[in-house]
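Step one of this worksheet: look at the structure below.
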Amino acid sequence: LVLELAPGTPLGRRVATHGRLSPAAAVQVARDVARGLATLHGHGLLHRDVKPENVVVAPDGRARLIDFGLVKDSFVTSMTAPGQLVGTAEFMAPEQWSGETRDVRCDLFSLGATLYFALTGRSPFAGDSLEE
């Protein structure tokens, strides 16, 4: 197994230490991650865990999507047990919670939630517990 070295800082840590991103920087991050998702989706795969900790921002501002541990082949339905939730709650699409059909739109929802975090410095959904 050979992987690319992606130098940089996870977006979550970068926002925690340096503050929220400027709109221009956030657009660059969103564009870069969207390109990565387009490649992944073009191969029939879903990331299922797009979140600030899974986006690495290089010193030059380029961003890369990392951690493909929950990737799912969108053509195979039996890889995750029925009713099993995978992902990070604060950044999950409603379809991931309700058990409805999951597709690329879930990753795009999570990208939007991640962009919200990058611009505001806080997650779009907050609370002490995970409730419906």
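The values are calculated or read from the model by the stated rules, or taken from the named source; none is laboratory data. Please read these numbers as outputs of a predicted model, since none were measured by experiment. Here the Cβ is made from the backbone with ideal geometry for all residues, glycine too, and neighbour counts use every protein chain on show. Protein only, heavy atoms only, side chains kept; ligands, DNA and RNA dropped before computing areas. Shrake-Rupley method; radii C 1.70, N 1.55, O 1.52, S 1.80 Å.
Mind checking which residues of region 1-57 are under 22 Å from A89 (Cβ atoms) and of a type in the set (D, E, K, R)? Scanning region 1-57 gives R13, R14, R20, R48, D49, K51, E53. Filtering region 5-47 to residues that are free of Cβ contacts under 8 Å to residues at least 60 places away in the same chain and charged (D, E, K, R) leaves R13, R14, R31, D32, R35. Residue count for region 19-52, restricted to those that are among the acidic types (D, E) and either at pLDDT below 95 or outside any helix (DSSP H, G or I) (or both): 1. Of all residues in region 1-18, those satisfying the criterion of being in a helix (DSSP H, G or I) and not polar (S, T, N, Q) are L11, G12, R13, R14, V15, A16, H18.
Filtering region 1-24 to residues that are out of contact with any strand residue (DSSP E or B) (no Cβ under 9 Å at 6 or more places or on another chain), open to solvent by 80 Å² or more (accessible area, probe 1.4 Å) and within 16 Å of S123 (Cα to Cα) leaves R13, A16, R20.
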